[in-house]
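Student: Structure incoming, see below.
The values are calculated or read from the model by the stated rules, or taken from the named source; none is laboratory data. Bear in mind the structure is a predicted one, so any value in this text is a computation, not a measurement. Cβ sites come from the backbone with ideal geometry, for glycine too, and all protein chains shown count toward neighbours.
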Amino acid sequence: MRSRINSTSRQKIDNSMASFAITTRADGMAEFQAWIDLSPLKLPRESEVIVEAYRQALHERFAFGTVDVTFPHGAPTLRELGKEGVKFRVKVVEPGTGRLLARGDRLGAAEADDTGRKELLKVVIDDLGQEPWKTKIHDDGLPVLVLNEHIPDALTKIKSAPLFQALILPGALRQVLLLIWKERADEAEDDEDDEDRWTTSWLRYARHLTGKEKPDWEDDTEVWTWIDDVCRAFSNQFSLLNRLVAED
């Protein structure tokens, strides 16, 4: 009798669990960022996560840690594919046996450079003296994260280094939320659907993270609770503490 592989227990990874953005570095090489949250699936925490970028028959493979700590080993650079027409698939495999536990195919990527896509938080470098980083409102009226130019490879580290991300990103997010509070509280009308305002996309992102509506801007306690909830949900989504501890 011919044996068959039982794939009925394989779980499906969809677009709500994995999103990607492709950027072009200063040297012209394309690299990508991935946001992967497999918590909706029932998978062993130690299972290995693999990301494959592909276009037709050409593909590149990247190790992305485990279900418990999903994170790339170094900056994922598309050395063969470039950025045009690239799709992604995510696989979760059982350690040792290599058995496929979950898979998602044809996951798209947004280009995050000159395509007109709005970035939530642009990252720039500048001379900040002894201050490692800060957030500020840029000349174009949008919030930016400023990294000290004296930190070697700062732009690369904020994209790929767990220590950097865990120590900076939650604080930067909290500061941006405080800026939103200040701007919204100073206005007579609070129209969240105004696409011309930078705060609109941020409020939608916060609602996506927490499932909660924006607070009453005149209620300090409600606003502080909202800020805490958003920062907690962000940290949970990307397992920031687990990644920080794994660096030791």
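Student: List the residue pairs whose Cβ atoms are under 6 Å apart, where the first residue sits in the range 7-21 and is under 23 Å from Gly211 (Cα atoms) and in a loop (DSSP other than H, G, I, E, B), the second is modelled with pLDDT of 80 or more and of a type in the set (Ser, Thr, Tyr), and the two are 6 or more positions apart or on different chains.
Tutor: Cβ pairs passing all conditions: none.
Student: Now for a separate question. What number of residues within the range 31-66 are modelled with pLDDT under 85, aliphatic (A, V, I, L, M) and surrounded by 14 or more Cβ atoms within 10 Å (Cβ to Cβ)?
Tutor: 1
Student: Restricting attention to the range 167-181, which residues are surrounded by fewer than 16 Cβ atoms within 10 Å (Cβ to Cβ) and small (Gly, Ala, Ser)?
Tutor: Gly171
Student: Out of all the residues in the range 67-75, is one or more modelled with pLDDT of 90 or more and either outside any strand (DSSP E or B) or more than 25 Å from Leu163 (Cβ to Cβ) (or both)? Steps first, please.
Tutor: Step one: list which residues in the range 67-75 are modelled with pLDDT of 90 or more, which gives 67.
Applying the additional criterion that residues be either outside any strand (DSSP E or B) or more than 25 Å from Leu163 (Cβ to Cβ) (or both) yields 67.
Yes: the range 67-75 contains one or more residues that are modelled with pLDDT of 90 or more and either outside any strand (DSSP E or B) or more than 25 Å from Leu163 (Cβ to Cβ) (or both).
One line per residue, one yes/no per condition, for (1) part of a loop (DSSP other than H, G, I, E, B); (2) at pLDDT 90 or above:
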| position | (1), (2) |
| --- | --- |
| Glu189 | yes, no |
| Arg207 | no, no |
| Asp216 | yes, yes |
| Trp224 | no, yes |
| Asp229 | no, yes |
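Student: Of all residues in the range 202-227, which are within 20 Å of Pro143 (Cα to Cα) and exposed (fewer than 13 other Cβ atoms within 10 Å of the Cβ)?
Tutor: Selection gives His208 alone.
Student: Among the residues of the range 64-101, which ones are closer than 14 Å to Phe32 by Cβ, small (Gly, Ala, Ser) and within 17 Å of the chain's Cα centre (by Cα)?
Tutor: Gly74, Ala75
Student: Moving on to the next point. For the range 75-87, name all the residues that are of a type outside the set (D, E, K, R) and loosely packed, with under 11 Cβ neighbours inside 10 Å. Even if it seems obvious, please write down each step before you answer.
Tutor: Let us first name the residues in the range 75-87 that are of a type outside the set (D, E, K, R), namely 75-78, 81-82, 85-86.
Correct list: Gly85 only.
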